[in-house]
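Enquirer: The structure's right below; bear with me while I get my questions together.
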Amino acid sequence: QVFPSQDPLDRADFNAVEYINTLFPTEQSLANIDEVVNKIRLKIRRLDDNIRTVVRGQTNVGQDGRQALEEAQKAIQQLFGKIKDIKDKAEKSEQMVKEITRDIKQLDHAKRHLTTSITTLNHLHMLAGGVDSLEAMTRRRQYGEVANLLQGVVNVLEHFNKYMGIPQIRQLSERVKAAQNELGQQILADFEEAFPSQGTKRPGGPSNVLRDACLVANVLDPRIKQEIIKKFIKQHLSEYLVLFQENQDVAWLDKIDRRYAWIKRQLVDYEEKYGRMFPQEWCMTERIAVEFCHVTRTELAKIMRTRAKEIEVKLLLFAIQRTTNFEGLLAKRFSGCTLADGTVKKPEVPAPSTNPFLEDETGAETDEIVIEKSDADKPKKPKVPDNPFHGIVSKCFEPHLYVYIESQDKNLGELIDRFVADFKAQGPPKPNVDEGGAVLPSCADLFVYYKKCMVQCSQLSTGEPMIALSTIFQKYLREYAWKILSGNLPKTTSSSGGLTITSLLKEKEGSEVAKFTLEELCLICSILSTAEYCLATTQQLEEKLKEKVDASLVERINLTGEMDTFSIVISNSIQLLVQDLDAACDPALTAMSKMQWQNVEHVGDQSPYVTSVILHIKQNVPIIRDNLASTRKYFTQFCIKFANSFIPKFINHLFKCKPISMVGAEQLLLDTHSLKMVLLDLPSIGSQVVRKAPASYTKIVVKGMTRAEMILKVTQ
């Protein structure tokens, strides 16, 4: 590893025999043995010389190493001595600097202590003089001067918090607290005298003394300010409690406007008489309005509990509308800064929604709901409610919204009955294959009404009433599905759940089969399209209800059962279409099984029964496809279900074709191939626009018909 070498003699796994065989691979090479021996001897002599030279060269190495080690130790000792000298000099320098700066530090400390002492003495002088002046001004009720002085005294006193252990300082602090307490009691007494709790207001309006007293109250304990506000507002609303007592006619909901008109007059009167008496930051006008709202909510709740039987829907909605209008007026006039007590929370910003069920809150009164893919691609965000006063009064109506819910239950019941009557009177929709299967108009009317109810109820409450309304929606979605959709599906002659055709097709053309008429096929497709529309719109309705309701109640909104109901209607409609076409083909298959296949002498064109099957397919499928143009996926389901029904039935009839000759089997094989090609072309049969059939459908047809062909080939 130290001296890499390519010489074979240096290898760790050196083998003498192999090496000799390498030198003398053949007998002829032995002629050079003397030359090889001489080379090896020469190499040995050179190695001996090298070894001798190296050994002699190492004779003095030990002595040189010891001498070098001694020199290194001496150098280290010299270096250590120099480092120690430098350290000693540094310590001496540091000591010298400390001695120089000691006097300077003492002077700095003295200066700082002297400055602090002078400042503290000045503050003490200001505090002592301020306390004396404060006590004198308090006795003379000079509130204007007291307001400025008191704040300064309080600020100066804060500098002495760490000196409270000194008796004189503690005494001054107690005198300030006593002056503050005296001021508080004195100001409350002045307000009580100016605005007594009993009797009328003091004539002459507010005085400058009270205005200055409010400035002093700003500096005092906040409880003084709250007490002043509380007493003033209580005295200001005392007349309201008398005028609108529970036993007064004006207290009932039909005259709720008078309550709001009264507070408007009172607020105007307050602004004129007392607007300048209270500081602007007290927001007294807003506080009066908020307290009025709290009192009104309590009083209305009390009177509605007492006279609950007299509440009608129109009266309740009238009162709620007037109340919400008043709350909106408050939001325009005030900021809501006094609502921080938590009695009414500002509405939260709802999460962005991609639901196209509602375009906008402002469009709540529109009469149509249009659901298009373009709407889903461009979601619209509902407006963010910005009224901090929402519900401050109207919350009292929530326990009585059951009246509104019962009314909507009744109205929706009448609406469903009207839909049923209109359908019977007008009959099924006329065929219109150019536009595809039309959605029943009653469906859009139902969801428009749902939309209006949901928006209206969400403005009244986002709590339990919304859950109750959701339950009503569920009830009538189910009724619509069964009464309007399932109830109007064409009836078939059933036997043990299946379709029974009373007449059999004979081989001659023109034979008739009991089947749905064109109008009935269009009706089934229209009901299927309507159910598909209801399914999609119900899902959007569920999403919108979850947006409107409180977050804690979201889990209780669940319209999955109703969506499953519409899915059942869709499935039944598709099954009817499949049964109709399947039954139309039954006579042809029966005719196939009754043919004498053993007597067939030559293979010709497709058999008459194949022509009959193709004729029925060409009659029904284009009508169904055109009427389901707006719901392409359900047309695909129809094709798949028909293939799954027809192909096994065709194979069963093949087994009935006995006995069968070789030529008969060839004819059946030709017929099977013809049917296979028709079935592969089924989704676009009779259409000017040729579309490739879905892969899932093609796979089913190819698999089933290939099995039929294999059976016939085995028969051959």
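The values are calculated or read from the model by the stated rules, or taken from the named source; none is laboratory data. It should be emphasised that the depicted structure is a prediction, and the values quoted were computed from it without experimental measurement. Neighbour counts are summed over all protein chains in view; Cβ atoms, including those assigned to glycine, are modelled from backbone coordinates with ideal geometry. These area figures cover heavy atoms from the full protein model, side chains too; ligands, DNA and RNA do not enter into them. Shrake-Rupley method; radii C 1.70, N 1.55, O 1.52, S 1.80 Å.
Enquirer: Taking Leu172, is it surrounded by 14 or more Cβ atoms within 10 Å (Cβ to Cβ), part of a helix (DSSP H, G or I), modelled with pLDDT of 75 or more and of a type outside the set (S, T, N, Q)?
Expert: Taking the combined requirement at face value, the residue satisfies it.
Enquirer: Could I ask something else about it? I need the full set of residues from the stretch 619-660 which are at pLDDT below 85 and of a type in the set (Gly, Ala, Ser), in order please.
Expert: Listed by number, the residues that qualify are Ala629, Ser630.
Enquirer: Take Val569 and decide whether it is hydrophobic (A, V, I, L, M, F, W, C), free of Cβ contacts under 8 Å to residues at least 12 places away in the same chain and out of contact with any strand residue (DSSP E or B) (no Cβ under 6 Å at 6 or more places or on another chain).
Expert: So Val569 fails the test.
Enquirer: Follow-up question, since we're still on this one. Out of everything in the stretch 578-603 that is open to solvent by 50 Å² or more (accessible area, probe 1.4 Å) and in a helix (DSSP H, G or I), what residue ends up being farthest from Phe642 (Cα to Cα)?
Expert: Asn599
Enquirer: Residues in the stretch 224-238: is at least one within 30 Å of Met137 (Cβ to Cβ), polar (S, T, N, Q) and open to solvent by less than 40 Å² (accessible area, probe 1.4 Å)?
Expert: Yes: one or more hits.
Enquirer: For the stretch 612-663, enumerate the residues that are touching a Gly at 6+ places or on another chain (Cβ under 7 Å), open to solvent by 10 Å² or more (accessible area, probe 1.4 Å) and either part of a loop (DSSP other than H, G, I, E, B) or free of Cβ contacts under 8 Å to residues at least 12 places away in the same chain (or both).
Expert: Once the filter is applied, which keeps residues that are touching a Gly at 6+ places or on another chain (Cβ under 7 Å), open to solvent by 10 Å² or more (accessible area, probe 1.4 Å) and either part of a loop (DSSP other than H, G, I, E, B) or free of Cβ contacts under 8 Å to residues at least 12 places away in the same chain (or both), the stretch 612-663 yields Ala629, Ser630.
Enquirer: To continue, here is another question. Could you say which residue among Asn148, Asn218 is closer than 30 Å to Leu121 by Cα, touching a Pro at 6+ places or on another chain (Cβ under 9 Å), at pLDDT below 75 and in a helix (DSSP H, G or I)?
Expert: Among Asn148, Asn218, only Asn218 is closer than 30 Å to Leu121 by Cα, touching a Pro at 6+ places or on another chain (Cβ under 9 Å), at pLDDT below 75 and in a helix (DSSP H, G or I).
Enquirer: Please find, among His125, His113, His109, the residue that is modelled with pLDDT under 80, outside the structural domain of Asn155 (by the TED database) and out of contact with any helix residue (DSSP H, G or I) (no Cβ under 6 Å at 6 or more places or on another chain).
Expert: Matching residue, one of His125, His113, His109: His125.
Enquirer: Mind checking which residues of the stretch 671-690 are open to solvent by less than 60 Å² (accessible area, probe 1.4 Å), over 15 Å from Cys585 (Cβ atoms) and not in a loop (DSSP other than H, G, I, E, B)?
Expert: Within the stretch 671-690, Leu680, Pro683, Ser684 qualify.
Enquirer: Does the stretch 66-76 include one or more residues that are modelled with pLDDT under 85, open to solvent by 90 Å² or more (accessible area, probe 1.4 Å) and part of a loop (DSSP other than H, G, I, E, B)?
Expert: No, that holds for no residue.
Enquirer: Scanning for something assigned to a helix (DSSP H, G or I), touching an Asp or Glu at 6+ places or on another chain (Cβ under 7 Å) and crowded, with 20+ Cβ neighbours inside 10 Å, does the stretch 567-577 turn up at least one residue?
Expert: Yes, the stretch 567-577 has at least one match.
Enquirer: Could you say whether any residue in the stretch 540-560 is without any contact (Cβ under 8 Å) to a residue 40 or more places away in the chain, among the β-branched types (Val, Ile, Thr) and either in a helix (DSSP H, G or I) or not assigned by the TED database to the domain that holds Leu615 (or both)?
Expert: Checked against the condition, which is being without any contact (Cβ under 8 Å) to a residue 40 or more places away in the chain, among the β-branched types (Val, Ile, Thr) and either in a helix (DSSP H, G or I) or not assigned by the TED database to the domain that holds Leu615 (or both), the stretch 540-560 yields at least one hit.
Enquirer: Given the conditions (1) part of a loop (DSSP other than H, G, I, E, B); (2) open to solvent by less than 10 Å² (accessible area, probe 1.4 Å), report the number of the one that Met705 does not fulfil.
Expert: Looking at each condition in turn, Met705 falls short on (1).
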